[in-house]
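Below is one structure, written out as structure tokens, with a few remarks after it.
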Amino acid sequence: MGPSTGMFLAFLGAEVIKIEPPEGDKTRNLTGMGAGFFPTFNRGKKSVTLNIKDENDLAKLHTLLKTADVFVENFRDETLAKMGLAPEQLREKNPRLIVASCKGFLKGPYEHRAAMDEVVQMMTGMAYMTGPLGRPLRIGSSANDIMGGLFAAFGVLAALIARDKTGEGASIRSGLFENCLLLVAQHMVQYDIEGTESPPMPERVFSWPVYDLFPTRDGRQIFVGAATDGQWEKLCKGLGLEHLLDDPRLQSRPDQIAARDWTLPQIAEKVAAHPFAEMVRIMEENDLLFAPVARPAEMYDDPHVNRPGGLFTSHYADKKDFRAPALPVEMNGRPIVSESVDIPSIGENNAEILGALKVEAAE
């Protein structure tokens, strides 16, 4: 969550200095599903190593903070306070400093609990909504860590704008739990308004006539959606099911939804008669909702992902170079990305950053 905050700010043009212990951040050495964590969320940063348990190094950190606009931290409150790095301690010395704290929870009964992405997914109902009944599942991404970091960066930008007007910094706190709560808010509000609960997504009551996966003739799966009257008409015509358009039992969207048990088998039969590539052509020509069922690794072969500005190559010191997307935003037709998306080696910028502090102290 903290590293993603820094990555977002780096992509927007900030100089981001990552403080690591002398042996380097432990996540540098993760393998398997964790192998992508450090390189993905530390692109475009500088690395400085400090042993903050050592008084001299902790003093260097405090000196460094005097030169900073923003301090992003991902520690427990108690740990920070012991080191003199709690937001109120730092801002007492430097009122213009913006402290962005990435926590499991915002202030309240749970604020001192430990949390990780999967924990808050279970707590908020996200896991319940993702898996079938009786089998809660986390979603297939560290979505709360990433989005929680995005909100922290969002808060930093707001605080920077406010500081231009007031001259005062701010303490920003972003919560993993509250982020996930926002993601399930639509289901909460449904209950508050109607008094009804939606079943988990795999067993949901559909709001559209067609919103399903179908096998093609060559064994691939394709997702097909028809959510509007126009899409229903285009899908029926595209698949040669014009007789459904004239059926008196299918003249309204509620009628079409109620008839899914006998219309979907007809659609499935038509889809199964076509190879995947032909289905893509039919869907594109009729401007319909559709998607292949892809794996993340297949994104490296996707033509849209490989458009100019879709992927950026990062040099990962002592390891393999890799390609990854930047911010999903364009400004004036160009992607937003920092000048460098490389991964620093451990302490790569010690001489540059700490050397500058020595000169400043001497002056």
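Nothing in this text is a laboratory measurement; each read-out follows from the coordinates by a stated rule. From a predicted model like this one, the values you see are computed outputs, not experimental measurements. FYI the Cβ positions are ideal-geometry reconstructions off the backbone, even for glycines, and counts take in every protein chain you see.
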Problem set entry | Only Lys, Arg (+1) and Asp, Glu (-1) charged, at Cβ; the range 206-296 dipole about Cα centre in debye | 300 debye
Problem set entry | Cα extents of the range 115-269 along the three principal axes, largest first (Å) | 68, 40, 39
Exercise. Roughly what angle does helix 55-65 make with the longest principal axis of the chain, taking Cα atoms, 0 to 90 degrees, to the nearest 10?
Worked result: 60 degrees
Exercise. Two-decimal Rg/Rh of the range 188-281 from alpha-carbon positions, Kirkwood Rh?
Worked result: 1.03
For this session: Among 245, 196, 211, flag the residue with its Cα farthest along the positive direction of the charge dipole of the range 144-267, charges on Cβ as +1 for Lys/Arg and -1 for Asp/Glu.
Result: 211
Problem set entry | For the range 320-336 and the range 269-297, distance of Cα centres in Å | 27 Å
For this session: Could you list which residues have their amide H under 5 Å from that of residue 210, counting only those 5 or more apart in sequence or on another chain, with H placed in the peptide plane?
Result: 226
For this session: Could you grab the relative contact order for the range 206-296? Cα pairs under 8 Å, six or more apart, rounded to a whole percent.
Result: 41 percent
Exercise. Which trypsin sites (Lys or Arg not before Pro) from the range 151-239 combine a DSSP loop assignment with at most 12 other Cβ atoms within 10 Å?
Worked result: 204
Exercise. Among 33, 122, which comes first, second and so on when ranked by fewest other beta-carbon atoms within 10 Å?
Worked result: 33, 122
Problem set entry | Mean-position separation - Cα centroids, the range 92-146 and the range 215-262, in angstrom | 39 Å
For this session: Report, by chain and number, residues whose modeled amide H sits under 5 Å from the one on residue 47, excluding near sequence neighbours (fewer than 5 apart, same chain).
Result: 18, 348, 349
Exercise. Contour minus end-to-end for residue 258 and residue 294, with contour as 0.36 nm per residue of separation and end-to-end as the Cα-Cα distance?
Worked result: 10.0 nm
Seminar exercise, completed: In order over the range 265-282: 3J(HN,Hα) from phi, Karplus 6.51/-1.76/1.60, θ = phi - 60°, whole Hz, x for each Gly or Pro, gives x, 5, 5, 4, 5, 5, 4, 5, 7, 10, x, 4, 4, 5, 5, 4, 4, 4
For this session: Can you give me the three principal axis dimensions of the chain from its C-alpha atoms, in Å, biggest first?
Result: 85, 46, 41
For this session: Quick one: compute the contact order of the chain, relative version, from alpha carbon pairs under 8 angstrom and 6+ residues apart, as a percent.
Result: 20 percent
Exercise. Which whole-Hz couplings ³J(HN,Hα) result when phi for each residue of the range 149-166 is put into the Karplus expression 6.51 cos²θ - 1.76 cosθ + 1.60, θ = phi - 60°, listed in order with x for Gly and Pro?
Worked result: x, 5, 5, 5, 5, 4, x, 4, 4, 5, 5, 5, 5, 5, 5, 4, 8, 10
Seminar exercise, completed: Counting sequence-distant residues (5 or more places) and residues on other chains, those with an amide H built under 5 Å from that of residue 12 are none
Problem set entry | Options 350, 9, 304, ranked by Cα towards positive dipole end of the chain, top entry (Cβ charges) | 350
Problem set entry | GluC sites (Glu not before Pro) lying in DSSP loop within the range 174-258, provided at most 15 other Cβ fall within 10 Å | 197
Exercise. Simple spin-label model, 7 Å along Cα-to-Cβ: residue 51 to residue 330 in nm?
Worked result: 5.1 nm
Problem set entry | Charge dipole (debye, nearest 20) of the chain; +1 at Cβ of Lys and Arg, -1 at Cβ of Asp and Glu | 620 debye
Exercise. Share of antiparallel DSSP beta bridges in the chain, in percent to the nearest 5?
Worked result: 50 percent
For this session: Go ahead and estimate [θ] at 222 nm for the chain from helices alone: -39,500 (n - 2.57) per DSSP H run with n ≥ 4, summed, over the residue count, rounded to 500.
Result: -12000 deg cm²/dmol
Problem set entry | Cα lying deepest toward the dipole's positive end in the chain, options 264, 123, 184, charges on Cβ | 123
